[in-house]
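A short reminder: the numbers here are calculations on the coordinates, not readings from a lab. What you see is a predicted model; the values in this text were computed from it and never measured. We place every Cβ from the backbone using ideal geometry, glycine too, and count neighbours over all the protein chains shown.
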Amino acid sequence: MQAKLTLDKDFSIGKVDERLYGSFIEHLGRAVYTGIFEPGHGTADEQGFRRDVMDLIRKLQIPIIRYPGGNFVSGYRWTDGIGPKDKRPRRLDYAWTSLETNQFGIDEFADWCKKAGTHAMVAVNLGTGTPQQAADLVEYCNFPGGTYWSDLRIANGHKEPHNFRVWCLGNEMDGPWQTCAKTADEYGHVANEAAKMMKWVDPTIELVACGSSSAEIATYPEWDRKVLEWTYDNVDFLSMHRYYGYKGDVTAYLASYADLDAFLSAGIAAADYVKAYKRSKKVMKISLDEWNAWYCDHGAQEPWTVAPALEEQTYNVMDALCVGGLLCTMINRSDRVRMGCLAQLVNCLAIVMTEPGKSAYAQTTYYPFLHASLYGRGEALRPLLKAPKLAAGTGEFDAVAAAATFDEEKGEMTVFALNLAEEAVDLHLSARSFANLAPVEHIVLDGDLFAQNTFAEPEKVLPHSAPVAACEKGESDVKLPARSWNVLRFSI
Ligand code: AHR
């Protein structure tokens, strides 16, 4: 099978916002407790943060992490998680039928982010919560001092404000599973009022309004239009969420990259409709702040227990390939998709797994995310791809999904390519405007599609290096192995 990819320095999609490579930690199962936070663990620091988990996370260079939910946030009282730990209440968490001890809250998350070399994206509760409580949280976190909430933060040991820049106005408020779900008009109204108040407290923050939680929900995509009609002037991003899973057809699953592209197009179209309707000059950005492969395997659990093992799925090579394809789509749409959060980071539908009191390891899906985060920076280049078509499900898809980035400062160009086909693809790369392109590395992730990393075999699946193909005057012939994720790194 043969394919051709043409790239040109002048065909730029735009600069990739580094926040495209964000992630997500929710108070869900063991994401926080025995995930990132486990006082008494052999590697725990003085605050109880697991250093072994931190090491795996730091390698990813994640610019932003969404917190504390997710569904959890819609019933969360943020004041429960501040102040002396022995005074913090234990509460029922309706979202995950769990017991929340509140031993980890917003101040701990701020400290953890600093140590992990990342920034927080904080979601406020617009389920049971009010606009006033949301504005109070902004005051607690970002106001320098001299007011009730900012002085309380100082009294709690944080003299300097946390200065969180990005805030989500609730989570998936269209979903009947959400604590106090709302109609689009109910949510649009409350989100707009919360947005005004939060920006009065700190005008420098960026706000994300809840868009549709999936394409399957009955209110999609009307929800997006209605919510933006309420909030357009006061928010900066429309949030979109999308998950995929293998249902017996490998090619259809790997072609999820095309579905994500269509899903994003619909969100962008809804936003642009409202822009025209409002005669606005503002271009609404998209925050794909939940995306991943997910099998919704809740796991058997006793209700109302602390940190139950929920949503702890083990990903395989096929899931990693799917994630690679989704990352290609995100890079190709990065002119409008400015933020993304791989959901999630630790233990729950996660790329990092931990055992209480024991070790941590990286799942297969860790690797494509690592590659995109490390090498997918700079300008996104428009990939002109000619590839054979594959039939799957009800559609036809390019056998190759590709994206490319050019980092002028570092003198690097990277091509990401997913081969969906059951056979190898000979890819001719033509990038003539980069006359002095020199190959650096060809990283491949492939092999048994059902192979997984586990606690017993944490490094069973690892990316490996393939021989680099020669490159002359920007032209190169590269072999993409059957069903493989490829990272072609070049220096310029
Ligand atoms: O990421 C897991 C859950 O998926 C989140 O809590 C929710 O927002 C979504 O439905």
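Which one, V138, N419, N171, is farthest towards the positive end of the dipole of the chain when Lys and Arg carry +1 and Asp and Glu -1 on their Cβ? Ranked along the dipole, the leading option is V138. Of all DSSP beta bridges confined to the chain, the antiparallel ones make up roughly 60%. Close amide H pairs (under 5 Å, H built 1.01 Å from N) link N316 with no residue at least 5 positions away or on another chain.
Rounded to the nearest 20, the Cβ-based charge dipole of the chain about its Cα centre (Lys and Arg +1, Asp and Glu -1) stands at 920 debye.
Convex hull volume of the C-alpha atoms in the stretch 377-489, normalised per residue: 131 Å³. Of the listed pairs K85/K226; K282/K389; K15/K275, which have alpha-carbon separations greater than 32 Å here? Beyond 32 Å: K85/K226; K282/K389. Under a model in which nothing but the beta-carbon of Lys, Arg (+1) and Asp, Glu (-1) is charged, the stretch 369-421 shows a dipole of about 200 debye around its Cα centre.
Relative contact order of the stretch 322-402, taken over Cα pairs closer than 8 Å and 6 or more residues apart, is 27 percent. Estimated from helical segments only, the mean residue ellipticity of the chain at 222 nm is -7500 deg cm²/dmol, where each DSSP H run of four or more residues counts as -39500 (n - 2.57).
About the centre of its Cα atoms, the stretch 134-182 shows a dipole size close to 100 debye [charges on the beta carbon of Lys, Arg (+1) and Asp, Glu (-1) only; nearest 20 debye].
With all pairs of different C-alpha atoms in the average, the Kirkwood value for the hydrodynamic radius of the stretch 341-435 is 16.2 Å.
Candidates G83, V16, A44 compared by Cα position along the dipole of the stretch 1-143: farthest toward the positive end lies V16, with charges placed on Cβ. Our note on the geometry: Cα centres of the stretch 191-261 and the stretch 428-455, 31 Å apart. Its relative contact order, with pairs defined as Cα atoms under 8 Å and 6+ residues apart, puts the chain at 20 percent. Farthest toward the positive end of the dipole of the stretch 202-284, out of A266, S256, Y277, is the Cα of Y277, where the dipole comes from beta carbon charges about the Cα centre.
Globularity index of the chain is 0.96 (Cα radius of gyration / 2.2 N^0.38 Å, N = number of residues).
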